[in-house]
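See structure below.
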Amino acid sequence: MVHYIWMFLLGAGIITAMFNGRMEEVSEALFKGAEDAVTLCFGLVSVMVFWLGIMNVARNSGLLDQFTTWLRPAVVRLFPDIPPDHPAMGYILSNMTANLMGLGNAATPMGIKAVKEMKKLNDDRDEASRSMITFMALNTAGLTLIPTTVIAVRMNYGSSEPAEIVGAAILATGCSTACALVIDRFFHLRRTRKGKG
């Protein structure tokens, strides 16, 4: 559905530019945008490679295992429908760890695998389970301690202090995660009470 919206917006913009005689500006913007996108991607790749390397060092040194061990009690309580030793729990922990390090691109494959495992627990139904809803709320809120992607973008655009965003990112993602949890629990309790009533 989203690609239809983007195609509509693109088509409407080009048609409007044709009627207003501004096609030259549209062509210039297209090529400039493509050039900026390639430059940005190469800048992001270097930072992502660096942080993924750090994650591999952390994994090989056992630091990542220690970190997931600290997270496990909280995650087990957040997802009571998932057995603690189920593969979905491991994928959820990996996803959350990658998100905490600001590696959203690395977190995505783990998130997809977690949802697939949770779907198996949900008897392969198309309706989302309680755990799936909680996971999507937390994943979207994305508590982040080190916003590596934002730092990389700020570095690419010449920021004198690219890492000064860290405090604001922790505060913003902490608030969004707390709100996501409160809303998720509120609607779960409301649905549970309606089911009993």
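General remarks:
- Which listed residue, of 29, 37, 58, is free of Cβ contacts under 8 Å to residues at least 24 places away in the same chain, in contact with a Leu (Cβ under 6 Å, 6 or more places away or on another chain) and assigned to a helix (DSSP H, G or I): 58
- Checking each residue in segment 27-44 for being among the small types (Gly, Ala, Ser) and touching a helix residue (DSSP H, G or I) at 6+ places or on another chain (Cβ under 6 Å) picks out only 43.
- No other residue among 82, 146 is touching a residue at least 24 places away in the same chain (Cβ under 8 Å), among the hydrophobic types (A, V, I, L, M, F, W, C) and farther than 30 Å from residue 163 by Cβ apart from 82.
- Being in contact with a helix residue (DSSP H, G or I) (Cβ under 9 Å, 6 or more places away or on another chain) and part of a helix (DSSP H, G or I) is a property that residue 151 has.
- Annotation for segment 65-77: no member residue is open to solvent by less than 50 Å² (accessible area, probe 1.4 Å), within 23 Å of residue 162 (Cβ to Cβ) and assigned to a helix (DSSP H, G or I).
So that you can scan it fast, the table gives a plain yes or no per residue for (1) open to solvent by less than 70 Å² (accessible area, probe 1.4 Å); (2) within 24 Å of residue 183 (Cα to Cα); (3) at pLDDT 80 or above:
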residue	(1), (2), (3)
63	no, no, no
82	yes, yes, yes
129	yes, yes, yes
136	no, yes, yes
143	yes, yes, yes
154	yes, no, yes
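- Within segment 131-148, the set of residues being in contact with a Gly (Cβ under 6 Å, 6 or more places away or on another chain) and part of a helix (DSSP H, G or I) comprises 139, 148.
- For the residues 7, 23, 18, the requirement of being within 30 Å of the chain's Cα centre (by Cα), free of Cβ contacts under 8 Å to residues at least 40 places away in the same chain and over 28 Å from residue 157 (Cβ atoms) singles out 7.
- Flag if residue 58 is over 24 Å from the mean Cα position of the chain (by Cα), of a type in the set (Gly, Ala, Ser) and over 23 Å from residue 131 (Cα atoms): no
- Qualifying residue in segment 169-188 (condition: at pLDDT below 85, under 25 Å from residue 59 (Cα atoms), assigned to a helix (DSSP H, G or I) and open to solvent by less than 50 Å² (accessible area, probe 1.4 Å)): no
- Residues of segment 97-130 classified as over 26 Å from residue 171 (Cβ atoms) and part of a loop (DSSP other than H, G, I, E, B), total: 8
The values are calculated or read from the model by the stated rules, or taken from the named source; none is laboratory data. All figures in this text were calculated on a predicted structure; none of them were measured in a lab. When we count neighbours, we look across all protein chains shown, and the Cβ atoms used for this are built from the backbone with ideal geometry, even at glycine. The area values use the complete protein model at the heavy-atom level, side chains included, leaving out ligands, DNA and RNA. Shrake-Rupley method; radii C 1.70, N 1.55, O 1.52, S 1.80 Å.
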